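Here's the structure we're looking at; comments come further down.
The values are calculated or read from the model by the stated rules, or taken from the named source; none is laboratory data. Source: prediction; values computed, not measured. Counting neighbours? That spans all protein chains shown, and the Cβs are built from the backbone with ideal geometry, glycine included. Keep in mind that these areas ignore ligands, DNA and RNA; they rest on the heavy atoms of the full protein, side chains included. Shrake-Rupley method; radii C 1.70, N 1.55, O 1.52, S 1.80 Å.
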Amino acid sequence: MSNKSIIILAAGAGTRMKSTTPKVLHKISGKPMLYYSIKEALRISDDVTVVLYHQAQRVQEEMEKYFTTINFVIQDHENYPGTGGAVMNITPKYEQTLVLNGDMPLIQAVELEKFDIDATIVMSVLQLEDANGYGRVVIENDSVQKIVEQKDASEDELKITTANAGIYQFDTKFLLESLPKLSNDNAQKEYYITDLIEMAILQKKVLKPIIVSEENFKGVNSKIELADAEVIHQNRIKKAFMAQGVIMRLPDTIYIEEGVQIEGESILENGVTLLGNSKIVNSHIKTNTVIEDSILVDSDAGPMARIRPGSELDSTHIGNFVETKKAKLNGVKAGHLAYLGDCEIDEGTNIGCGTITCNYDGINKYKTIIGKNVFVGSDTQFVAPITVEDDVLIGAGSTVTSDLKKGQLYTTRAKKRVVEGYFYKHFNQESQEK
């Protein structure tokens, strides 16, 4: 871990997102954008401060779900608006201070470590084919000589393709001494962190540029950019799993959230969605199956199955259109069209098509427990709470309303009734009534 402090700017409203949700809380791969900036910062520093203002309490509460060791500071936006105002009233712990943006979710710690350069300011720059829309950075003899906004650039300066990426590392002493000297004498009446660059140049300080990749330092300011960033992040997640031995069919169609774990030679077919903190071990997830906050070990699910939160499947087969929720299944077969919620089912048990655990009475949830080697006929309903012991046979179309003992046969089908010619009599009666 390097000896540098990190400040993450997350105070803005992000009006271009056109949303009531703060920009930094918009999600990529299941986590807020700001989560990724903090996560990578903590990999290289134990002194991380996040600057908030817009919906500050909401942003802080969301981040505290994931992190407990970072500092939060509320920007004095009324008196000191702007990026320069955001870094005021912070006392960094270390001699170097790295300033990041909370809307750069693709940043990686390995890239931030490259800022370890001996200079008063290390400034990130992008080498682009077309820098239109970016502030230009004038570099001579491997030193930053000037930065200029596009609207203020001369004809020659507009031809420059070296652009400001917006990440800076400051000598902390210089930063603290210079911040009180910032002025808001500009059209926006804001305090700009970029003015510190001009101060350092005038003082003939050492300013070093560092060329960074556009992908890693990509900012997100609109929902189009949010979608673009998520594609990049998804590709990173999937490539990492495939490098570890996971098989993926048409990976561009698969969605995997941050926090998912996959172990062994698991197989993911096209259209699979893995959400939350799901864990997949040596399992085969078939086409268009959704798994959320669940664990599958030595199992298969799908196609078109839904494994909802709290499910634990071990050595189990889940077929098409089967849904589980808080289901603990060990060595179970449920081939198709079943709902298994709030239940525990043990090995050797076969669940017939159309089986339902009726776990909810409109007020409370109840549990169904089914033992080993139970054969459940098609279209069976278990009215929970209920316990079925081992080695039980349940006839198709049964409604189970009481506990069943080991070895029993259970059926609740009505006695067969056949009325010859009833169809014709029924419709003749109907026509006469009309």
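Some points to look at:
- Rounded to whole Å, sorted largest first: equivalent-ellipsoid semi-axes of the stretch 1-60, Cα gyration tensor: 23, 13, 8
- Listed pairs Lys238/Lys286; Lys31/Lys286; Lys27/Lys65; Lys367/Lys405; Lys181/Lys204; Lys23/Lys238 exceeding 21 Å between Cα atoms: Lys31/Lys286; Lys23/Lys238
- DSSP assigns beta bridges within the chain; of those with both partners inside it, close to 20 percent run antiparallel.
- Area projected by the alpha carbon convex hull of the stretch 223-380, averaged over all directions, nm²: 9.7
- Helix-derived mean residue ellipticity, 222 nm - over the chain, DSSP H n ≥ 4, -39500 (n - 2.57), to 500: -5000 deg cm²/dmol
- Residue of Asn79, Asn221, Asn184 that the Gaussian network model of the chain assigns the largest fluctuation, springs spanning Cα pairs under 10 Å: Asn79
- Surface composition of the chain: carbon and sulfur make up 48 percent of the accessible area, probe 1.4 Å.
- All aspartates and glutamates inside 18 Å of Lys328 as judged from Cα atoms, apart from same-chain residues fewer than 8 positions distant: Glu292, Asp293, Asp298, Asp300, Glu312, Asp314, Asp342, Glu344, Asp346, Glu347, Glu389, Asp390
- Relative contact order %, the stretch 291-343, counting alpha carbon pairs below 8 Å whose residues are six or more apart: 31
- Interchain or long-range residues, amide H under 5 Å from Val272's placed H: Tyr255, Asn288, Thr289
- Share, in percent, of DSSP beta bridges within the stretch 244-300 that are antiparallel, nearest 5: 0
- Where trypsin sites (Lys or Arg not before Pro) fall in DSSP loop in the stretch 157-236, at most 12 other Cβ within 10 Å: Lys159, Lys189, Lys204
- Entry comment: accessible area of the stretch 134-285 is 51 Å² per residue, from protein heavy atoms only and a probe of 1.4 Å.
- Based on the convex hull around the alpha carbon atoms, the chain presents an average projected area of 32.1 nm².
- Positive-end ranking of Ser299, Pro81, Phe170 along the dipole of the chain, with charges on Cβ about the Cα centre, is headed by Ser299.
- Distance between the stretch 280-332 and the stretch 96-161 - C-alpha centres, whole angstrom: 48
- If both residues of a DSSP beta bridge must be in the stretch 298-426, then about 5% of such bridges are antiparallel.
- Charges were assigned to the Cβ only: +1 to each Lys and Arg, -1 to each Asp and Glu. The resulting dipole of the stretch 246-369 about its Cα centre is roughly 360 debye.
- In summary, the aspartates and glutamates within cross-link reach of Lys18, defined as a Cα separation below 19 angstrom excluding same-chain residues under 8 places away, comprise Asp103, Glu225, Asp228, Glu230.
- The stretch 374-414-the stretch 1-32 distance, computed between alpha-carbon centres (Å): 53
- Overall form of the stretch 86-244 per C-alpha gyration tensor (a/c, 1.5; a/b vs b/c): prolate
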